[in-house]
Amino acid sequence: MQLDPDSLNARDMYQWMTHSVLPRPIAWVSTVNNAGVSNLAPFSFFNAVCARPPTLMFCPANDRFGRKKDTLMNIEANGEFVLHLVSFPLAEAMNATAASLPSGESEFERFHVPSVPSALVRPPRIPTAPVAFECRLDRIVRISDGPIGGNAVFGRIVQIHAQDAILGPDGRPDPSRIDLISRGGGDYYFRLGDRFPMPRPE
Ligand SMILES: Cc1cc2nc3c(=O)[nH]c(=O)nc-3n(C[C@H](O)[C@H](O)[C@H](O)COP(=O)(O)O)c2cc1C
């Protein structure tokens, strides 16, 4: 089949993207507002961008009324966030923090997510996350305004945290030890499955 995206409304287009761009890793992002209240939310429109300078990107869309999400507003206000990867034991807590709370209420407190101070940025870090990247804002690219409008947040990694248990003998993360989850379309998620080797051509 063949389809013109202009023939789809935003909801249908979203379904096409989220059921075919798979699996999507999950960025569990902590921020703080100007009053110092912490915020935590998951984002699966997320990926690595480049290693020099070390840069990640995730996309908090506007809500259906065109309002910016707290995560975006906090980053616009103070330019800092911590981006955590999510392992299977953290799945339910991660999902709980997708609830829309008033901006003065912290998902950390409401859902009893553990936190410790970060090394270089103000937003707190989740110590149980397998990997956490403290980030400073590089730039925000506004794709569109209004309901479901798109925003891409690029962050420079300024500090890396990893649990010792996920490291391999070479001191780097070993994918087989992380038990990462990723978004699988609708209410589904993936756990990492089979890996197979395939050397790249010269
Ligand atoms: C697994 C998962 C992935 C999500 N990915 C995104 C995403 O990529 N972009 C987005 O705008 N919202 C995404 N959401 C919804 C946000 O987490 C939700 O709107 C949240 O309330 C935003 O919180 P905030 O207003 O505190 O920033 C996702 C939710 C879940 C459970």
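Structure remark: mean-square fluctuation, Gaussian network model of the chain, C-alpha springs under 10 Å; the largest value among Pro23, Pro169, Pro60 belongs to Pro169. Charges were assigned to the Cβ only: +1 to each Lys and Arg, -1 to each Asp and Glu. The resulting dipole of region 23-187 about its Cα centre is roughly 460 debye. Selection among Val32, Ser103, Ser7 by position relative to the dipole of the chain gives Val32 as farthest towards the positive end (Cβ unit charges, Cα centre). Take every Cα pair under 8 Å whose residues are at least 6 apart in sequence, average their separation, divide by the length of region 23-187, and the relative contact order is 28 percent.
Taking the chain as a Gaussian network of alpha-carbon nodes connected by springs under 10 Å, the highest mean-square fluctuation of the residues Leu83, Leu167, Leu40 belongs to Leu167.
Along its three principal directions, the equivalent ellipsoid of region 118-202 from the Cα gyration tensor extends over semi-axes of 27, 21, 16 Å, largest first.
In terms of Cα atoms, the Rg and Dmax of region 23-187 work out to 15.0, 49 Å.
Taken together, the values in this text are just the output of simple stated rules run on the coordinates, not laboratory data. Computed from a predicted structure; not experimentally measured. With ideal geometry, Cβ positions are generated from the backbone for all residues, glycine too; neighbour counts draw on all protein chains shown.
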